[in-house]
1. For Tyr545, what is the net charge nearby, where nearby means another residue's Cβ is under 15 Å from its Cβ and Lys, Arg count +1, Asp, Glu -1?
2. Would you work out if the range 479-599 is rounded, prolate or oblate? Take a ≥ b ≥ c from the square roots of the eigenvalues of the alpha-carbon gyration tensor; rounded if a/c is under 1.5, else prolate when a/b is larger than b/c, oblate otherwise.
3. Stretched out fully, how many nm does the piece from Ala640 to Lys511 gain, at 0.36 nm a residue minus the Cα gap?
4. Going down the table (Lys101/Lys194; Lys471/Lys716; Lys224/Lys586; Lys139/Lys350), which pairs top 28 Å between alpha carbons?
5. Sorted by accessible area (1.4 Å probe), largest first, how do Lys228, Lys643 line up?
6. Hey, can you find the accessible area per residue of the chain for me, probe 1.4 Å, expressed in square angstrom?
7. Match the structure shown to one of the listed values (1) 62.2; (2) 48.3; (3) 31.7 of mean projected area of the Cα convex hull in nm², computed from it, and give that label.
8. When the helices in the chain are scored as -39500 (n - 2.57) per DSSP H run of 4 or longer and the sum is shared across all residues, what 222 nm value do you end up with, to the nearest 500 deg cm²/dmol?
Amino acid sequence: MKRDETVNGRATLLLNRAWAALWRAGGVVAVAGALTACGNSPWPDDSEKANVIRSAMTENTPRHLDPTASYWSNDTLVTYQVYEPLYGYHYLKRPFELVPKAAAAVVKPVYLDKDGNKLPDDAPADQVAESVYDVPIKKGIRFQPHPAFAKNDKGEYTYHAMKPGELGERRTPMEFEATGTRELTAEDFVYAVKRHATTRITTPIYGIFSEYVLGLKEYGALIKAEDKKLRKDLPAASLDKPFLDFRNWPLAGATAPEKHLLRLRIKGKYPQWKYWMQMTFLAPVPWEADAFYAQPGMAERGMTLDQWPVGTGPFMVTEFVKDRRITMQRNPNYRPDPYPCEGMPGDKEKGLLADCGKPTPFIDSIVATVEREGTPLRNKFRDGYYDLEIFERTDTGNSYIVEAKDSEEVRADYLKKGFDFPQSADVNSYIIGFNMLDPVIGMGDTPEQRERNRKLRQAIAIAIDWEEYSKIFPKKAGETAMSPLPQGIPGSREGTPEGVNPVTHKLEGGKVVRRSIEEARQLMVAAGYPNGRDVKTGRPLVINYDFYAVPTPERKPEIDWVVRQFAKLDIQLDVRATDNNQFQDKVRKGKHQVFWLGWNADYPDAENFMFLLYGPNSKSVSDGENTANYQNPEYDELFAQLKSLDDGPEKQAVIDKMVKILQRDAPWSFGFYPYASVAIQQWMSNSKPAILIRDHGRYLRLDADARTARLGEWNKPLWWPLALIALVLLVGLWAARRTLRKRERMNARGEVLA
């Protein structure tokens, strides 16, 4: 082969390759251009124009949507939008005011003595044998459409007696052809109260309710026996369980004298009972739902009340993709429920009364998507793709406040986008607790061991520097707690000299300061662990730390901070972080030592915080909410008094005694009360966040046109990268063409011809 032919062939090949590269790159440019033109939205096209709120769930979908079992903050995204308890809180008024929801009125109890005689409203607690609540139920309320209510032409339930194979490929209730509904009656509330006695699901409030609802404790024993009969021929691990029909067994404490009249009989005087009636534990449960979901094959496919609730509220679950997404749509059977016309000073100026009297809900749908990492979650909110960062959280705005303070550029961007995250106090707390059943850090078996373990807990409580935590993690900052009671709860002495915890803090020159680490080390010596080693064996003290979330990069610094607090006392901390569901299983079995936990008030009363350390409410013993499994007879006796007292000097004295006991025994390191601030977009209106207000979905309004416009402004396509790619390709093509021409003019000896 001649040299010039070889050279020309190679040059042609080079040019062909250049053209091919340009052709392929042109396709890339075209595709990139199309994608850029469409924007970078993670949601379907044009979804921003729909009347739909998009929010996030952290890490996984809620575990319990069954109102009898649900007692975790994450669940309230769904439960308080789908279910309607008897009462609720006025959306705008502060202090919180009870208002009727499914009930026609908020009623006062009738007090009876031991002979059944009526007592005056101010009767002392020791004279009251029974409190009777006659609650009228609103007429005309209807349940959401659901196959559990579907009937055929003969009036028989269509799907209550399905034969093997009839379930087919269905995996959700939304796949059934027929649906039905019916009117809410008082019997649905009676059924809901009875369900707390079941042994089939988690019932976190049964222990408390059985102390008050007349006959519920005995009813629990009866149901346990009846359930055993029903399941006698079934394997213990069987997911299919015959329908446990609570209508078959009466309960003295919950009856329906009339179709729309609920009678609840409560032992003694218990002023806090009215607050329980605003929680989903007393939301109505139709027996038809239990019967429908009890059929063979349902549980295996996730068709249970834990994933597919059945309620009368403004929304209904229409999509549940485990650990990915939940969609709720407007309940077509929901009655017109007017937006409030009264509020607090300043509410009108903020626009919170603009929708006075208009029927709610204003939103057609709520979509919540699981986000496992904090950075992409916050980026989507900043870009406008989440309207409300996390639906049920009231502290998400804090991180943006800190970011704006740390950077003028960020602050300018947030101001331009109209971000406004006002901070306020709320009634919740975070703590580090100790499992009092644990032999090392718990109560102890002997008086000597109890005292040593108490000193160990006190030393740790001093070492955990919550003031430092708020400085290091300002996005999650709050006020250092001295007791279980945050400000805003009647009886709290937080922020006063009387409220200072003498175990962990002291007053110096009028200022509250944390006790020194030297004092904590002295307590370690008294506890039998000088320099973090067992004085008897010489072995280092190793303690397990259970955290209710996986150790993502965002959380690892906080977990490491806790490890460092214990290291101040030479205690080795073994971190056992899990997801929330695994954590809940662990603490129910008592397989924990030290744990992190948060608590949001269920109602504005000291009892709702002090019951978290009430002995009979122990998590690992009775599946209550006392995760520390703390038991102290003196404290429990005072708690029994607290429950029957109205706010006033007598109740304050009891609270003060209880707090002193807890400060001394240190079952918790009391932690901090976080600042509240919600991350919500400017196109959302009617937002007035509060931990006690969980049903805010019905009140929120969305301006979809404003959202569409802002998304277009905030996420404009960047065209310069495409222009740069095109320029690079053109330069490459020019270079290849120039090389080809040069080679064409060369002879066999490589000389360039004229």
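1. Value of the local net charge: +3.
2. oblate
3. Full extension of this stretch gives 42.9 nm more.
4. Too far apart for the 28 Å limit: Lys471/Lys716; Lys139/Lys350.
5. From most accessible down to least: Lys228, Lys643.
6. Ligands and nucleic acids excluded, the result is 45 Å² per residue.
7. Computing mean projected area of the Cα convex hull in nm² and matching it to (1) 62.2; (2) 48.3; (3) 31.7 gives (2).
8. Value at 222 nm, helices only: -9500 deg cm²/dmol.
The values are calculated or read from the model by the stated rules, or taken from the named source; none is laboratory data. Nothing here was measured: the structure is a model prediction, and the numbers come from that model. All Cβ positions, glycine included, derive from the backbone under ideal geometry; neighbour counts span all protein chains shown. Please note that ligands, DNA and RNA were not included when accessible areas were found on the heavy atoms of the full protein model with its side chains. Shrake-Rupley method; radii C 1.70, N 1.55, O 1.52, S 1.80 Å.
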